[in-house]
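The values are calculated or read from the model by the stated rules, or taken from the named source; none is laboratory data. In this text, all values refer to a predicted model and were calculated from it rather than measured experimentally. In this analysis, Cβ positions are derived from the backbone assuming ideal geometry, glycine residues included, and neighbour counts consider all displayed protein chains. For accessibility, only protein heavy atoms count, side chains too; no ligands or nucleic acids. Shrake-Rupley method; radii C 1.70, N 1.55, O 1.52, S 1.80 Å.
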Amino acid sequence: QVQLVESGGGSVQAGGSLRVSCAASGYTYRSYCMGWFRQAPGKEREGVAVIDGGGVYYADSVKGRFTISRDNARNTLYLQMNDLKPEDTAMYYCAAGWTSCYFRSGSWYLPEKLAVWGQGTQVTVSS
């Protein structure tokens, strides 16, 4: 029974930065795919930064701007977001799945029923 809790979201102007965190508690085990996903109104949930098989992968839209990292001692996952754009506005979720993520049309995806998800933290970027 793993629980994930996101924090650190907020409202910033274009060009600004934010760092969101995901703290894990309860039983933990190695996941095949874990990382950060976002969902904007009217759009499908997509992975912006994921870790799978020891590799780190980013969505095309955030390469060079976002960085995923972890603190093993605190069992916490982070997402550093720089040079934010209005199109980054979304609810951001962390997730840990027992299946691999897959790449499609520039983003990464993970079936919702095959993963543990946090409640999300809102990120809003204004121009």
Checklist outcome for this item: Given 25 °C, 0.890 mPa s and a Kirkwood radius over Cα pairs, the Stokes-Einstein diffusion coefficient of the chain in µm²/s is 170
Item to check | Longest exposed-site-free window of the chain, the sites being trypsin sites (Lys or Arg not before Pro) in a DSSP loop that have at most 14 other C-beta atoms within 10 Å | outcome: 75-127
Checklist outcome for this item: the chain: relative contact order from alpha carbon pairs under 8 Å, six or more residues apart, as a whole percent, is 35
Checklist entry - When all protein chains stay in place, what accessible area (Å², nearest 10, 1.4 Å probe) is found for Met91? => result 60
Item to check | Estimated dipole of the chain in Debye, rounded to 20 [Cβ of Lys and Arg +1, of Asp and Glu -1, Cα centre] | outcome: 140
Next on the checklist: Given points 7 Å out from each Cα along the Cα-Cβ axis, report the Asn75 to Arg19 separation in nanometres with one decimal.
Outcome noted: 2.1
Checklist outcome for this item: accessible surface per residue for the chain, probe 1.4 Å, DNA/RNA/ligands not counted, whole Å² -> 54
Item to check | With every protein chain in place, the stretch 28-127: carbon and sulfur % of accessible area (1.4 Å) | outcome: 48
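Restricting attention to the stretch 91-127, which chymotrypsin sites (Phe, Trp or Tyr not before Pro) occupy a DSSP loop and are surrounded by at most 16 other Cβ atoms within 10 Å?
Trp98
Just to confirm the filter: which chymotrypsin sites (Phe, Trp or Tyr not before Pro) across the stretch 27-79 are DSSP coil and have at most 15 other Cβ within 10 angstrom of their Cβ?
Sparse-neighbourhood loop chymotrypsin sites (Phe, Trp or Tyr not before Pro): Tyr27, Tyr29.
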